[in-house]
C-alpha cells in the first residue's frame, strides 16, 4: 500500500534528489539540491514523499510565494512532483497533490500554482480533469533549455497551473462530481504522438510547440482560461472558457 507523508530528514531529502536524476535524467546543475529541501521546510513550504514500504517512489516540493501587484497574496508554488517508473498511472501523483492540498487548506492557504509543459497532454488532463485546476497564464521558456532528455532540447514553454483549493471546481472533484464548465470558446489541439515527433523530428516538434504557445498566449491574453482537456486517438484538445474563481 502506498503511503504519503511529510519529509523531514536529510536522508529523505537525498532520496528526493536521487529520484530527480532517476525520473528526469537531470545533470547536477538542474537538480533541486538537499539544501533547497531544508530551506523549504524552514520557511513554510512543503515536501512530501510517497512510499512503498520503506522505498520512496515519488515526491513533491512546494515553496511559499507572493503574487505581485494589487490584490496579491500568499500562495504555494509547487516546484516539482515526480513518480518513478513502475508506479506511474497508479494514482501516486494524485495522492501527493491531495496531501499538499490538505496541508495548505489547514494553514489557510487557498491557492497553489505550478507549471507544466502544454505538449504533455497526460499531465494537462491530470491537472484539469483530475484535480480541477485551470490555466490563465502562459510563459515562454520558463526554465531555459535544460539537460533533461525528456525535454528534447526544446524551450521550456509552460502553462501556469492555478489550483484554487476551496473552489467549486475542486470541491466537485473531491466529491466525484462532474467539474463545472462554461461555454467552450476556443480549442488548442496537440498531436497525441508528440513524444515520437520530438524524438524523430525535432524541427517539426519545435514548429508544433511554437504554434501551441502562440495560441495559448492569444487565448489567455483575451481573458480565456483552459479549464478542460479532451483526448482522442489523434490529439489532446484544450478547452477554453470564461472562468472566475
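Laboratory data are not the source of any read-out in this text; all were calculated from the coordinates shown. These numbers come from a predicted model, not from an experiment. No Cβ is skipped: glycine too gets one built from the backbone with ideal geometry, and neighbour counts run over all protein chains shown.
What is the ratio of the Cα radius of gyration of the stretch 110-245 to 2.2 N^0.38 Å, where N is its residue count, to two decimals?
Taking N as the residue count of the stretch 110-245, the ratio is 1.03.
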Part-to-part distance (alpha-carbon centres) for the stretch 112-140 and the stretch 1-33, which is given in Å: 22
Residue 39 and residue 181 label points (each 7 Å along its Cα→Cβ direction) are spaced in nm at 4.0
Förster radius 22 Å - calculated FRET efficiency between residue 218 and residue 195, Cβ distance, rounded to 0.05: 0.30
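Thinking of the stretch 186-245 as a set of Cα atoms, what percent of all their pairs are more than 12 Å apart?
68
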Separation of the residue 234 and residue 5 label points, Cα + 7 Å toward Cβ, nm: 5.0
Comparing 166, 115, 156, which has the greatest mean-square fluctuation in the GNM of the chain with Cα pairs linked when under 10 Å apart? 166
Is it possible to state the helix-based mean residue ellipticity at 222 nm for the chain, with each DSSP H run of 4+ residues giving -39500 (n - 2.57), the sum divided by total residues, to the nearest 500 deg cm²/dmol? What is it? -9500 deg cm²/dmol
Which residue, 196, 215, 21, has the most motion in a Gaussian network model of the chain that connects Cα atoms within less than 10 Å? 196
Extension gain from residue 166 to residue 210, taking 0.36 nm per residue of separation minus the Cα-Cα distance: 12.4 nm
If you build the convex hull over the alpha carbons only and average its shadow over all orientations, what do you get for the chain? Give it in nm² to one decimal. 13.5
